Amino acid sequence: MKKIRLAIFVSGSGTNAEAIMTYFQNHSRIDVAVVLSNNSEAYALQRAKKFSVPSKFFTKNQFQNGVVNQWLGEYRVTHIVLAGFLWLIPEKILSAYPNRIINIHPSLLPKFGGKGMYGQNVHEAVVAAKEQETGITIHEVNEQYDEGKILAQAKCTISSADTAPLVAAKVLKLEHEYYPKIIERWATSSGDQPIQILPL
């Protein structure tokens with residue numbers, strides 16, 4: 001059976017990328033083929049070295065003009081996973097990987113999504129809104145921020161005493177626990193059956 005080959009796009013520290021690389025080490029069907037970043041200082045690139053996974057930095061121009069597409073072809077990438085990646089995906093890549101790009105967002109979309117809603121910004125907004133729960137949303141990627149088809153969500157409760165950093169820690173735990181499992185189910189599904197929403 002042909003191997004599924006993931007490209008992980010990252011912009012920062014890469015804890016989710018590390019969780020994914022750990023999960024798919026020695027997997028029978030799925031390999032992490034390459035880690036790609038728009039930030040040359042991203043610690044995720046160092047994490048990739050630890051797993052002997054190739055990594056590359058790219059510029060905005062390379063992202064838009066097809067250079068990154070060429071790299072994806074060279075690494076025989078079949079599916080793309082965004083893990084803390086902050087740029088919109090250009091049409092060239094979207095059209096080359098239809099329904100084969102997913103992202104994880106640190107809130108229960110459609111709440112607290114859209115441009116500028118990433119990382120600590122999301123958790124601060126959740127706390128300011130006095131939400132009683134938050135969580136993660138794993139969704140397909142399209143040309144808009146956080147608007148692709150939702151594949152799975154998982155929740156955690158928030159107390160009135162929780163600060164944004166405490167909420168961030170709860171959400172990160174969900175991310176590390178569920179994202180690799182959903183990637184596995186998504187990538188190995190035939191495509192004709194929707195992925196079931198995770199039990200909450």
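The values are calculated or read from the model by the stated rules, or taken from the named source; none is laboratory data. Note that this is a predicted model, so its numbers are computed, not measured. Because the Cβ atoms are built from the backbone with ideal geometry, glycine has one as well, and the counts that use them run over all protein chains shown.
Residue selection: residue 4 fails the criterion of being within 16 Å of residue 187 (Cβ to Cβ), in contact with a Leu (Cβ under 8 Å, 6 or more places away or on another chain) and of a type in the set (Val, Ile, Thr). Checked against (1) outside any loop (DSSP other than H, G, I, E, B); (2) of a type outside the set (Phe, Trp, Tyr); (3) free of Cβ contacts under 8 Å to residues at least 24 places away in the same chain; (4) under 24 Å from residue 176 (Cα atoms), residue 111 passes all but condition (1).
One residue stands out in the range 76-93 among those that are surrounded by fewer than 19 Cβ atoms within 10 Å (Cβ to Cβ) and over 15 Å from the mean Cα position of the chain (by Cα): the one that is nearest to residue 189 (Cα to Cα), namely 78.
Yes or no, residue by residue, for (1) surrounded by 14 or more Cβ atoms within 10 Å (Cβ to Cβ); (2) in contact with an Asp or Glu (Cβ under 7 Å, 6 or more places away or on another chain); (3) aliphatic (A, V, I, L, M):
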{"residue": "2", "(1), (2), (3)": "no, no, no"}
{"residue": "18", "(1), (2), (3)": "yes, no, no"}
{"residue": "31", "(1), (2), (3)": "yes, no, no"}
{"residue": "35", "(1), (2), (3)": "yes, no, yes"}
{"residue": "69", "(1), (2), (3)": "yes, no, no"}
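For residue 125, the test of being among the aliphatic types (A, V, I, L, M), without any contact (Cβ under 8 Å) to a residue 24 or more places away in the chain, buried (at least 17 other Cβ atoms within 10 Å of the Cβ) and not in a strand (DSSP E or B) is passed.
Anything in the range 62-103 that is in a helix (DSSP H, G or I) and in contact (Cβ under 8 Å) with a residue 12 or more places away in the chain? List them, or say none.
Listed by number, the residues that qualify are 63, 64, 68, 69, 71, 72, 91, 92, 93, 94, 96.
For the structure I just gave you, tell me whether residue 42 is among the aliphatic types (A, V, I, L, M) and part of a loop (DSSP other than H, G, I, E, B).
Here the answer is yes, as residue 42 does meet what is asked.
Consider the range 128-142. How many of its residues are buried (at least 16 other Cβ atoms within 10 Å of the Cβ) and of a type outside the set (S, T, N, Q)? Count: 7. Per the conditions (1) surrounded by 14 or more Cβ atoms within 10 Å (Cβ to Cβ); (2) at pLDDT 95 or above; (3) of a type outside the set (Lys, Arg), the sole criterion not satisfied by residue 118 is (2).
Considering the range 3-35, the residues that are in a strand (DSSP E or B) and among the small types (Gly, Ala, Ser) include one that is farthest from residue 82 (Cα to Cα), namely 33.
In this entry, residue 48 is excluded by the filter for residues that are among the hydrophobic types (A, V, I, L, M, F, W, C), more than 23 Å from residue 115 (Cα to Cα) and assigned to a strand (DSSP E or B). Scanning the range 128-160 for residues that are under 26 Å from residue 99 (Cβ atoms), part of a strand (DSSP E or B) and touching a helix residue (DSSP H, G or I) at 6+ places or on another chain (Cβ under 7 Å) yields a total of 6.
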